[in-house]
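The structure appears right after this line, and notes come after that.
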Amino acid sequence: MGKEKSEKAERGAWFAGLKSEFSKIAWLDRPTLFKQVVAVIIVSVILGIIIAALDFGIQQGVDFLVSL
């Protein structure tokens, strides 16, 4: 029984610490969050296009070399 109380106390202390840490987080306001999400999406799309173009170009080069 003593071990159960000890584990519950540890778990309670862990959750109390977690709650305390969450209160320290500086959450972004909506406009800033929206701008950052849009920026991440745009950069991801651009990088995806660049990677796809490189992949296509390299594939064409390899196909050309193989067909020689």
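The values are calculated or read from the model by the stated rules, or taken from the named source; none is laboratory data. For clarity, every value in this text was computed on a predicted model and none was experimentally measured. A quick note on method: Cβ atoms are made from the backbone with ideal geometry, for glycine too, and the neighbour counts reach across all protein chains shown.
Only one residue in SER20, SER44, SER6 is modelled with pLDDT under 95, assigned to a helix (DSSP H, G or I), among the polar types (S, T, N, Q) and surrounded by 10 or more Cβ atoms within 10 Å (Cβ to Cβ), so which one is that?
Details: SER20 fails: surrounded by 10 or more Cβ atoms within 10 Å (Cβ to Cβ); SER44 fails: modelled with pLDDT under 95.
Just one listed residue meets the conditions, SER6.
LEU28 passes every criterion in (1) assigned to a helix (DSSP H, G or I); (2) surrounded by 10 or more Cβ atoms within 10 Å (Cβ to Cβ); (3) under 24 Å from the mean Cα position of the chain (by Cα) apart from (1).
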